[in-house]
1. Take segment 181-208 and flag every residue that is in contact with a helix residue (DSSP H, G or I) (Cβ under 7 Å, 6 or more places away or on another chain), closer than 22 Å to ALA298 by Cα and more than 8 Å from ligand 1 (Cβ to nearest atom).
2. Output the residues belonging to segment 243-277 that are under 15 Å from ASN299 (Cβ atoms), touching a residue at least 40 places away in the same chain (Cβ under 8 Å) and outside any helix (DSSP H, G or I).
3. Suppose we keep only residues that are within 28 Å of ILE384 (Cα to Cα) and not charged (D, E, K, R) within segment 304-325. Which one would you say is most open to solvent (accessible area, probe 1.4 Å)?
4. Just need a number here: residues in segment 459-511 that are of a type in the set (Val, Ile, Thr), assigned to a helix (DSSP H, G or I) and modelled with pLDDT under 85.
5. Assess whether GLY338 counts as being closer than 21 Å to GLY303 by Cα, touching a residue at least 12 places away in the same chain (Cβ under 8 Å) and either touching a His at 6+ places or on another chain (Cβ under 6 Å) or in a helix (DSSP H, G or I) (or both).
6. Could you give every pair whose Cβ atoms fall below 8 Å, whose first residue belongs to segment 527-556 and is within 16 Å of LEU407 (Cβ to Cβ), and whose second residue is among the charged types (D, E, K, R) and modelled with pLDDT of 75 or more, counting only separations of at least 6 or pairs across chains?
7. I'd like to check something: does segment 282-295 contain any residue that is over 30 Å from GLU210 (Cβ atoms) and either open to solvent by 10 Å² or more (accessible area, probe 1.4 Å) or charged (D, E, K, R) (or both)?
8. Being more than 20 Å from GLN264 (Cβ to Cβ), part of a loop (DSSP other than H, G, I, E, B) and away from ligand 2 (no atom under 11 Å from the Cβ) is the filter here; which residues of segment 172-206 pass it?
Amino acid sequence: MSYLLMFVTLLHLITLAILFIATMEKSWWVWDGMENSDLWYNCRFDNDTQTWLCATSKETEWLQSVQVLMVLSVVFSSVSFLVFLGQLFTMSKGGLFYFTGLCQVFAGLTAFAAALIYTLHNQEILEASQELTKGHFGYCFILAWVCVPLLLISGVMYIHLLLHPLANPKGAKKQCELCRKPAYLQCTKCRVTFYCDTDHQQADWVGIHEKVCQLLTPIRTTMPFHSLQADRDHQCAQIQHRQKELIEISRAVAQKKLFEGKYQESLPAAQLSLHCAMDVYGSHSLMLVPAYLLLAEANVGLGSLVQAEKYMCQAEWTVMKTPDCSPTVLHQLHRSQGRLYTATGNLEGALLHFANDVYHASEEYGLDNIVTCSGYFLMANVFIKQGKMDIASSLYAEVASTWHSHLTTLLKSHTQGSMTLEQSLALKCAWLLPPGITPGTEAVFSRKTEYIKIKDEAQQAEADQMLRAMMDIQESSPKQDATQNALVTHCLAMLWFLGGSADKAYVVDDSTRSAALVFSRKALQSIQLVPDHSLTVPIQNLMQLAAETAQHTTNQAEHVLV
Ligand SMILES: [Zn+2]
Ligand SMILES: [Zn+2]
């Protein structure tokens, strides 16, 4: 804790004590040292018994208001102190210092009013008791006046503490993780992440920090440097390796949130990946492009198109300066540009970008890959907006069949059983693994699995979003295509079935299972409407499988309970 924070605490305690004494003690007014009067009693020193004899003061309206104001002042100041203590010991330092400061200022103002009334109207207040001319103001009265500036000063200091990063050690300027403004809060778990207020802390926690909190500590702690050059290099390399992992994880999290439609929540993760990439690769590297694109797409989703265009320009500029970009980067760039154009209503421009997206994606992944076919899906959405339903539905058919064959392969390898967790995850996400992440030590491996899992969830979110959109469009169109319907719902059923079973660590809950069952039933209904029954058996098998696994999980749960 900084000295200033300690000083403010001490000041508050002392002021509170003085205020208490002023309110409760004798002698607001003194007559020759033998008789005095306070807010509550008139007392006289009795020489015969050597004791103070006290009687309740005669209450006038002025006396009552002084009493009330002084008590209020004590209450305000105490509440303010309790709130302050509460904030110090919980994470939410900062946001509520306003409350503490305001309470304290109020306490100062009420004390001021009380002292002022006593000063101006002491004649009326004391009239009933004694002749006024013989006496003078007592020390409690002076203390009440002393409290006024002290309370006001400490109130202002609390508010000041909130506005300026005084609670931080000198030299190290802490910045808010999200908005880069001066920070006042610290994550109590990693102790290396700071925030300007509780809102930003909460937003970052939900967005990304929860997943990377522990990863950040070794990266952001400046370790004592080794004397040997070789050791230093080793240490730097290790930190860089961790930073690269962090970039990938935060990128995957942002992507997942985007697919889920949680645009606001995706911002912290995208920002983290951008800042981290800047640290590692410098501010002009091509490695920054994916982060720029994520930020642009999040802003498109949020409707702030100007901001989105800014990020898009940064990405375009970076790509333009690099002579031979990989197709992956180009496909991502065009896809994001297409999304931005769609949002601004430039549909022709959007189509052009999506066409480029598909071209570059197919260069990297091949034509009938699920990555490439997302481009078809986006194109089809634009055609729908243009009213060209025929082109749109043929593109949707392409998307559905690509996903169908992909999911069928996955399901087959899953039901054949013998795969390990790592194999099945790798099969699902092999094409999504960035270069540089290779299995190594046990620790790296565990984080790699974690990373693949996030990637896998992102993939699932994207597929779910696309397939559902296609299903909704099918169901709302006047001439329904039962084959296409069956294909899409079968895909959804497989997707939901696989989503819960590729990894035992996934939460296998009833909703996942029942979703698989619901979609299988839908698919079965659709398939009965068409002459081609080649899908009937796979769908029935899947239904049985889903039901069995559900049964199995229930049995297991019962077993555990017994
Ligand atoms: Zn902030
Ligand atoms: Zn943390």
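1. Across segment 181-208, the qualifying residues are ALA203, ASP204, VAL206, GLY207, ILE208.
2. If the condition is that a residue be under 15 Å from ASN299 (Cβ atoms), touching a residue at least 40 places away in the same chain (Cβ under 8 Å) and outside any helix (DSSP H, G or I), then GLY261 is the only one that fits.
3. By that ranking, first place goes to VAL306.
4. Pass one, segment 459-511, residues of a type in the set (Val, Ile, Thr): 473, 483, 488-489, 507-508.
Within this subset, residues satisfying the condition of being assigned to a helix (DSSP H, G or I) are 473, 483, 488-489.
Adding the requirement that they be modelled with pLDDT under 85 leaves 483.
So the count comes out to 1.
5. On the way: closer than 21 Å to GLY303 by Cα: yes; touching a residue at least 12 places away in the same chain (Cβ under 8 Å): yes; either touching a His at 6+ places or on another chain (Cβ under 6 Å) or in a helix (DSSP H, G or I) (or both): yes.
Answer is yes for this residue.
6. As it stands, the answer is MET543/ARG521, since those pairs meet every condition given.
7. So in segment 282-295, the residues over 30 Å from GLU210 (Cβ atoms) come out as 284.
In the following step, the residues that additionally are either open to solvent by 10 Å² or more (accessible area, probe 1.4 Å) or charged (D, E, K, R) (or both) were identified as 284.
Looking for residues that are over 30 Å from GLU210 (Cβ atoms) and either open to solvent by 10 Å² or more (accessible area, probe 1.4 Å) or charged (D, E, K, R) (or both), one finds at least one in segment 282-295, hence yes.
8. Hits for segment 172-206 are ALA172, LYS173, LYS174, ALA183, TYR184.
The values are calculated or read from the model by the stated rules, or taken from the named source; none is laboratory data. Predicted model, so just to flag it, every value in this text is computed and none were measured. Note that each Cβ is placed from the backbone with ideal geometry, even for glycine, and that neighbours are counted across all protein chains shown. These accessible areas exclude ligands, DNA and RNA; they are computed on the full protein's heavy atoms, side chains included. Shrake-Rupley method; radii C 1.70, N 1.55, O 1.52, S 1.80 Å.
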